[in-house]
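The values are calculated or read from the model by the stated rules, or taken from the named source; none is laboratory data. Values in this document were obtained by computation on a predicted structure and should not be read as measured data. For neighbour counting, all protein chains shown are included, and Cβ atoms are generated from backbone atoms with ideal geometry for every residue, glycine included. The protein model used for the area step is the full one, side chains on, heavy atoms only, and it has no ligands, DNA or RNA in it. Shrake-Rupley method; radii C 1.70, N 1.55, O 1.52, S 1.80 Å.
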Amino acid sequence: MLLKFIKQIVFLFMTVFGTLGNISVSVNYMITWWGGPEKKPIHLILIHLAFTNITILLAKGLQKTMEDFGLRNFLDDIGCKILIYLSRVARGVSICTSSLLTVVQAIIISPRASGWRRLRPKSAWHILPFFSFFWILNALIGMNLIHSVTRASLNISELKNGDNYCYFMQESQKTKWIVLSLMVLRDAVFQGAMGAASGYMVLLLHKHHQHVLHLQNSKLLYRTPPELRAAQSVLLLMLCFVFFYWADCAFSLLLSLSLAEISLMLNCQDLIIIGYATFSPVVLIHRDRLLPEWWHAQWEKLRKFISLLSVQ
């Protein structure tokens, strides 16, 4: 009973905390997008990443939370298909968007003489076709879920990998290997681009940092330059993604090799799946200090408004 209660609280906390964090991030960058003089591609990518994270949390985290609190009949067969399919597609889009974020950042800070500078988006709207491509690509890769996911209404011997009431029907080996190959190819391409862009960006920031330190007065050497903070934030975001991705892969491998499903491992894997969507807003807030400043400004406006009302 204690473990069940802890699991309920953890899933509820991660779902609520992650959803509120991503909403805050998306609202902040929307205000910056519409109110700022320059519409930056990075802001549009961050808005899309936050939206994708919210989709994952609502499709996966909310489902698991309601299951843990005993709401076992709130989904029918179509509901199971929609939530699991949407969770899989959004997770793939999150991988692609994180890679795009890193690549665009690397292009933006690349030297003017570099050939990569020519790939810099001339307008933020040029990023939109990439979002459409990501959703279409991952929707096609996950098409098998529409047929394999079902409500628990069939013979239990025909089903496998089930939770409380949504199950995956056994598929043919051909379909299984085709889907697995497409997922591995997608992850290898986008993670490879993410790793290469991150390494290139950190190298550029390190060179710039060394140049700045060479020109600075010795009294200023102990101040952390902004480009170093940016490099640390980019590394933190990439490490956050890599940690949750490979942890999920490790648990998936262990579950596939085990003869019986272990409840603790399944629960840990579910937490890992929503982990990146939950904690990436923290990394984004740390990366761009506009969010705390914006909330502080709104709080100051509210205080002034309340003080004026009290005077009147």
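Couple of notes before you dig in:
- Other residues within the sphere of radius under 10 Å centred on the Cβ of Ser110, judged by their own Cβ, net out at +4 (K and R +1, D and E -1).
- Semi-axes of the equivalent ellipsoid of the range 1-128 are 37, 15, 13 Å, computed as sqrt(5λ) over the eigenvalues of the C-alpha gyration tensor in descending order.
- What the range 1-145 shows is 50 Å² of accessible area per residue, with the surface traced by a 1.4 Å probe over protein heavy atoms.
- Measuring nothing but protein heavy atoms, the accessible surface of the range 84-155 at 1.4 Å probe radius is 65 percent carbon and sulfur.
- Computed as a quarter of the hull surface, the mean projected area of the alpha carbon convex hull for the range 96-157 stands at 6.5 nm².
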